[in-house]
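A short write-up of the structure that comes next.
The values are calculated or read from the model by the stated rules, or taken from the named source; none is laboratory data. Everything quoted here is computed from the prediction, not taken from an experiment. Backbone-built Cβ (ideal geometry, glycine too); neighbour counts: all protein chains shown. Note: accessible area is taken over every heavy atom of the protein model, side chains too, but ligands, DNA and RNA are not part of it. Shrake-Rupley method; radii C 1.70, N 1.55, O 1.52, S 1.80 Å.
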Amino acid sequence: MIVLFTDFGLEGPYTGQVKAVLHQVAPGVPVIELFADAPAGRPKPAAYLLAAYGAWFPPGTVVLAVIDPGVGSARAPVIVESEGRWYVGPDNGLFELVARRAQSARTWEILWRPEALSASFHGRDLFAPVAGRLAGGERPSHLPRAAEIGRHADWPDDLPEVVYIDRYGNAIAGLRAALLPKSARLAVSGRVLPRARTFSDVRLGEAFWYENSNGLAEIAVNAGRAADALELVIGSPVAILR
Amino acid sequence: MIVLFTDFGLEGPYTGQVKAVLHQVAPGVPVIELFADAPAGRPKPAAYLLAAYGAWFPPGTVVLAVIDPGVGSARAPVIVESEGRWYVGPDNGLFELVARRAQSARTWEILWRPEALSASFHGRDLFAPVAGRLAGGERPSHLPRAAEIGRHADWPDDLPEVVYIDRYGNAIAGLRAALLPKSARLAVSGRVLPRARTFSDVRLGEAFWYENSNGLAEIAVNAGRAADALELVIGSPVAILR
Amino acid sequence: MIVLFTDFGLEGPYTGQVKAVLHQVAPGVPVIELFADAPAGRPKPAAYLLAAYGAWFPPGTVVLAVIDPGVGSARAPVIVESEGRWYVGPDNGLFELVARRAQSARTWEILWRPEALSASFHGRDLFAPVAGRLAGGERPSHLPRAAEIGRHADWPDDLPEVVYIDRYGNAIAGLRAALLPKSARLAVSGRVLPRARTFSDVRLGEAFWYENSNGLAEIAVNAGRAADALELVIGSPVAILR
């Protein structure tokens, strides 16, 4: 299975062209669009989202992850192997948490270049062919390892910020709920929110936070849009009150 | 074929995770996203939309339908068999019209529970595995039947309200056009609209209604956005003038 | 491979129903959504977009292209063969540039009609079955040729207008960059924009134009939204300063 984690959108030409390359390089392998609206051009919040959602997929999955504001500049293209999953994308911190949370992660720099490499669309020209070949069973064993590439040691283990706003207006924080005290409250926009199990456990219109289905702390309003009600955007700070 | 009818959206993580489960449980079965923007959290209008659009698919199709504002509460998960199609989703009225319009419909309560069931995403954890197994040929014959589950006998046979606004701004009503008199006019927002065959039969900018390609009455403006021009939203009343 | 180029959107019912037909007529053939948001109801700008993006696909690809404001009127349905690719859609100019730029293009009128043809959704009822049969290897050799159908000889070879705004706010012009002088500047909204290789070659916030990954001139702002900053919409004029 190949999983797409990008800021490409689905309607425009970008995801379609990437899928066309994947179908040609790895015919018959299912391609799943996980996020086409990951934080646009912002590898740091995207890294916390990717670590939580990528880990949900079974070993052997290839994750093509492209949040690439530096496309066309000198940042390296990389392959990261983590817990049996293969990640392909730009070396800009996107894989920092995927690598840090693994028992053992290995990183390779991609030295291969396609015959025709556009200046602006490495997702299609460079990363997709590599992801397709990984899905077909090819392994980078012969490539030089690059242990330090892509590392951002100064980034925290969990990010006390909003990293994604979903279509219901829920705001996902870069915080693993299992690491927070059971009674922890979260403070956003000057409001203190209690924890609940899920929507049906609070009154209509009430704001709360809960452990979402991928283990992150998610801020929500029952039958409302938390991001609008609490004026949250990607990057809004989320304080933990223990 | 597995058909998705949800309010999950396509860009976020939800449809992608559901598709990943389906590909694992029912490898090789095509998955079609029919609606990812069905009326959010509103099973009643969604039920009329589902009955009209689900019936277009061939017998044997499995429809995974999740409009589930009560996720995490006590509402039962169900399988409904109707005219050879299999529907899977929450027991909250979503299948009322699918069942009522069938010669014979059968309903089962889903008693199976997955090992890991999140509080907020039964679409992925509970309904998708069941839909995948139905697509693979498994049948619920051994399960107890639940004839009365999911029934909302007080809902009308057709709903004189807007049930969907499409991307062109057309407003679809919960009314089967074939049951309306040929000369019927529809009144919305204080305007009376004549019937036409299709867009090219009225002048530019003119509002009208017509039988859409799935048999529902649809309110449109030639080369315009009816929902904006007539201030229509899901739930707006639509009166029939005979 | 079947490629979709439409203004149908992905979330509503339209693309899903088209894909359901394609899966039934041509089981196992991958279907790629290239554009679901091509210029809505505007075949002229869409024609320049289609010519640039369709040509990226390998010979043998079937492109189902439906921008069809005249659905239900007298415009003919056509098949166009161009450089080994097959295009299916309405005869309203959409294939003008695809045909004009080919060494040799052939056009056939589609005379077949389905048993049930809705007045408003020929994409599903008429064009999709034809595209599916082409993908399955059927050829229109027995049909009458229609050399002049679909031709708009008065349209220019390149269109000095914005033809698409992408999700990043970049504005794509109907101009092939390779035909512009290396030093050409583009004028839009009273601003003169220099050429650059890509985003990372200009300062943050700077507007420029570059050759995009499909060969068209694209107007962008580094880390900004050009369409908002420069007030560009589909149809905005783009002047070439040599």
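Yes/no matrix, rows are residues, columns are (1) at pLDDT 95 or above; (2) within 19 Å of C:Leu175 (Cβ to Cβ):
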site: C:Asp37; (1), (2): yes, no
site: C:Gly54; (1), (2): yes, yes
site: C:Ala76; (1), (2): no, no
site: C:Arg85; (1), (2): yes, no
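Is one or more of the residues making up the stretch C:178-189 surrounded by fewer than 17 Cβ atoms within 10 Å (Cβ to Cβ), modelled with pLDDT under 95, in contact with a Phe, Trp or Tyr (Cβ under 9 Å, 6 or more places away or on another chain) and not charged (D, E, K, R)? Within the stretch C:178-189, none of the residues are surrounded by fewer than 17 Cβ atoms within 10 Å (Cβ to Cβ), modelled with pLDDT under 95, in contact with a Phe, Trp or Tyr (Cβ under 9 Å, 6 or more places away or on another chain) and not charged (D, E, K, R).
Comparison of C:Asp157, C:Asp166 shows that the only residue that is farther than 12 Å from C:Ala239 by Cα, among the acidic types (Asp, Glu) and open to solvent by 30 Å² or more (accessible area, probe 1.4 Å) is C:Asp157. Since A:Ala46 meets every condition but one in (1) of a type in the set (Gly, Ala, Ser); (2) within 13 Å of chain C (Cβ to nearest Cβ); (3) closer than 24 Å to C:Ile165 by Cβ, which condition does it not meet? Just one mismatch for A:Ala46, condition (2). Scanning the stretch C:197-219 for residues that are touching a residue at least 40 places away in the same chain (Cβ under 8 Å) and more than 9 Å from chain A (Cβ to nearest Cβ), we see that the one that is surrounded by the fewest Cβ atoms within 10 Å (Cβ to Cβ) is C:Gly215. For the stretch B:6-35, a residue qualifies if it is small (Gly, Ala, Ser) and either within 8 Å of chain A (Cβ to nearest Cβ) or at positive phi (or both), and the qualifying residues are B:Gly9, B:Gly12, B:Gly16, B:Ala20, B:Gly28. Condition (residue is within 14 Å of chain A (Cβ to nearest Cβ) and either open to solvent by 20 Å² or more (accessible area, probe 1.4 Å) or in contact (Cβ under 8 Å) with a residue 12 or more places away in the chain (or both)) applied to the stretch C:135-150: is it met by at least one residue? Yes: one or more hits.
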